[in-house]
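A short worksheet on the structure shown next.
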2 protein chains.
Amino acid sequence: MQVLRTMKSTSDILYKDRAESLEGNQSGKREQTKLANRAAILEAGRQIFAELGYEGTTVRDIIRRTELASGTFYNYFKSKEEVFHALHDDGVARFKPLLRAARENAGQDFQAFMITAFEAYFNFLLNDQTIDREMAAMPEWTRVRFDTPESLALFDELKGDIVAFATEFKLDHVDPELLTASCVGIAQEIGDRLLRGRIKDIQAAARFAAYFVLGGSQRVQSEMQA
Amino acid sequence: MQVLRTMKSTSDILYKDRAESLEGNQSGKREQTKLANRAAILEAGRQIFAELGYEGTTVRDIIRRTELASGTFYNYFKSKEEVFHALHDDGVARFKPLLRAARENAGQDFQAFMITAFEAYFNFLLNDQTIDREMAAMPEWTRVRFDTPESLALFDELKGDIVAFATEFKLDHVDPELLTASCVGIAQEIGDRLLRGRIKDIQAAARFAAYFVLGGSQRVQSEMQA
DNA sequence: TACGATGTTGACGCGCTGTCAGCTTTTCGC
DNA sequence: GCGAAAAGCTGACAGCGCGTCAACATCGTA
């Protein structure tokens with residue numbers, strides 16, 4: 001049984017455009033059903049992952065929340081891992097424009113870029129429907145982390161931005177790879193604590209991270225010159 | 001069949017002392033067998049996790065590399081997760097004294113502490129038999145991360161050290177939680193790149209990280225005061 | 001030596017995995 | 001519209017991993 005009629009508005013909003021961009025955007029019955037099924041599986045996956053954790057969920061759990069038969073799952077995804085990847089990439093894709101906006105609004109102001117970018121990330125993490133939020137909020141010991149091509153592309157884009165600013169500010173002794181890695185590490189670790197409520201103030205955290213990176217870069221530059 | 005006779009020297013060295021400290025350290029046949037079995041399972045687990053990844057390994061895979069029967073596994077661990085935790089905690093326990101040594105050798109020198117601590121961590125990650133090394137070296141998308149009580153204790157100890165230095169250096173506007181989180185994030189992200197060979201020079205990386213943290217803290221202090 | 005205690009063994013029932021032959025629905029040429 | 005072919009949904013199936021447990025083997029003790 002297909003799920004066209006049971007499509008939820010959230011899944012519609014979240015996945016339809018993305019799915020359409022992957023395949024042709026015809027409006028035949030067949031295409032619509034495929035889109036709806038894919039969306040239904042993803043939405044079910046989001047829910048189940050949030051409820052049972054990554055380890056705990058099975059393909060059967062996901063498909064059961066759907067009106068599809070078990071075999072149908074494999075027409076859309078190879079495994080639960082692939083579903084998770086899709087959800088994760090979805091989040092990355094939604095965050096990307098926020099990062100771009102931060103860079104464009106900042107102009108040549110490195111500090112403004114950093115503050116805006118960190119704040120955008122933290123807000124995104126806490127408020128948007130990221131699968132990572134659902135997962136990190138669980139009080140479990142075992143976390144999963146994914147490095148999808150989409151994630152790596154985001155990393156590279158960030159690195160490009162940082163290199164541009166580093167050049168502008170004559171930080172020629174600061175290794176861009178190390179600098180970008182540090183930014184990402186700080187964002188992740190602080191983001192994790194925000195998600196678990198160990199830290200509350202997003203804006204304070206963003207300013208902390210931004211000043212930290214700025215001061216850190218400058219110190220590295222002056223020490224490495226010597 | 002028990003595995004006393006097949007105990008390998010590595011597992012002997014790695015797990016025996018630790019296991020003994022958990023239970024009584026009698027030398028009866030029974031106690032010896034328990035120690036040997038536990039060690040055999042852990043050593044098999046280390047191998048299999050490295051070969052198949054965390055996701056890919058099953059309890060059966062682990063026990064099969066052993067001469068024990070499947071049921072015996074559950075006399076020692078509840079799940080593969082628990083085996084992984086034990087291996088992870090083992091690594092944390094071996095790293096702890098290195099961190100203590102860094103602090104004691106540094107005296108009141110914050111910079112020396114940071115450089116030594118980061119370098120110790122990176123060296124440990126790359127050279128010691130950490131389960132995390134085996135895992136991160138795999139070119140897979142899916143990573144696991146564990147927050148065991150042992151890990152959290154290490155985090156708290158590090159936070160204590162950092163607070164001490166922060167007090168000493170009048171960094172009273174620098175949130176210790178944020179600062180420690182940043183240090184950990186930087187260490188993890190740079191460590192990850194070292195493991196995958198994207199960064200080569202350990203000492204340069206350690207100096208980068210240390211200067212970064214020092215400069216970052218100072219900048220945060222001066223900005224937050226204003 | 002004999003007996004209770006402790007620990008090991010592997011078969012078992014259950015549930016999940018990925019597949020595939022059969023069936024239903026859609027598409028398309030006429 | 002109609003009918004055949006294509007597309008894709010369905011659920012049963014074989015294979016395997018899971019955790020358990022009754023039967024068995026080994027150890028400690030008197």
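The values are calculated or read from the model by the stated rules, or taken from the named source; none is laboratory data. Given the structure is predicted, the values throughout are model-derived calculations rather than measurements. Cβ sites come from the backbone with ideal geometry, for glycine too, and all protein chains shown count toward neighbours. Side chains are part of the model used for accessible areas, which takes the heavy atoms of the whole protein and leaves out ligands, DNA and RNA. Shrake-Rupley method; radii C 1.70, N 1.55, O 1.52, S 1.80 Å.
Listing for the model above:
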{"read-out": "Dmax and Rg, reported as Rg then Dmax, of chain A (C-alpha, Å)", "value": "20.2, 70"}
{"read-out": "Of all accessible heavy-atom area on chain A, the percent that carbon and sulfur account for (1.4 Å)", "value": "50"}
{"read-out": "Area buried, chain B against chain A - accessible surface, total, 1.4 angstrom probe, square angstrom", "value": "4400"}
{"read-out": "Mean-position separation - Cα centroids, region B:119-137 and region A:135-172, in angstrom", "value": "22"}
{"read-out": "Neighbour net charge for B:Arg219 - beta-carbon separation under 12 angstrom, K R +1, D E -1", "value": "+1"}
{"read-out": "Residues A:Ser27 and A:Gln129, FRET efficiency given R0 of 22 Å [Cβ-Cβ distance, rounded to 0.05]", "value": "0.25"}
{"read-out": "Accessible area of B:Ile190 in the full protein assembly, 1.4 Å probe (Å², nearest 10)", "value": "0"}
{"read-out": "Charge dipole magnitude, Cβ of K and R +1, D and E -1 - the protein assembly as shown, Cα centre, debye nearest 20", "value": "1240"}
{"read-out": "Förster radius 51 Å - calculated FRET efficiency between A:His173 and B:Asn75, Cβ distance, rounded to 0.05", "value": "0.35"}
{"read-out": "Surface/4 estimate of mean projected area, convex hull on alpha-carbon atoms of the protein assembly as shown, nm²", "value": "24.6"}
{"read-out": "Rounded accessible area of B:Leu179 (nearest 10 Å², 1.4 Å probe)", "value": "0"}
{"read-out": "Shielded by partner chains, region B:142-182 residues - at least 40 Å² of accessible area, 1.4 Å probe, vs chain alone", "value": "B:Thr142, B:Arg143, B:Arg145, B:Asp147, B:Glu177, B:Leu178, B:Ala181, B:Ser182"}
{"read-out": "Per residue, in Å², the accessible surface of region A:69-226 once ligands and nucleic acids are set aside, probe 1.4 Å", "value": "42"}
{"read-out": "Residues whose placed amide H lies under 5 Å from that of B:Arg143, excluding near-sequence neighbours", "value": "A:Arg145, A:Phe146, A:Asp147"}
{"read-out": "Unsatisfied cross-links (Cα-Cα over 27 Å) in the set A:Lys78/B:Lys78; A:Lys34/A:Lys78; A:Lys78/B:Lys200; A:Lys80/B:Lys78; A:Lys80/B:Lys80; A:Lys96/A:Lys200", "value": "A:Lys78/B:Lys78; A:Lys78/B:Lys200"}
{"read-out": "Per-residue mean of C-beta atoms belonging to partner chains within 10 Å, peptide B:184-194", "value": "6"}
{"read-out": "Set of aspartates and glutamates with alpha-carbon distance to B:Lys170 below 16 Å, sequence-local pairs under 8 removed", "value": "B:Asp109, B:Asp161, B:Glu223"}
{"read-out": "Peptide B:219-225, shielding by other chains (average Cβ, 10 Å cutoff)", "value": "5"}
{"read-out": "Local electrostatic count, B:Asp109, Cβ distance below 13 Å [Lys/Arg +1, Asp/Glu -1]", "value": "-2"}
{"read-out": "Taking chain B and dividing mean pair separation by its residue count, relative contact order in percent (alpha carbons under 8 Å, at least six apart)", "value": "19"}
{"read-out": "Size of electric dipole in region B:143-226: Cβ of Lys, Arg +1 and of Asp, Glu -1, about Cα centre, debye, nearest 20", "value": "580"}
{"read-out": "Distance (nanometres) between label positions extended 7 Å along Cα→Cβ at A:Arg196 and A:Gln47", "value": "2.9"}
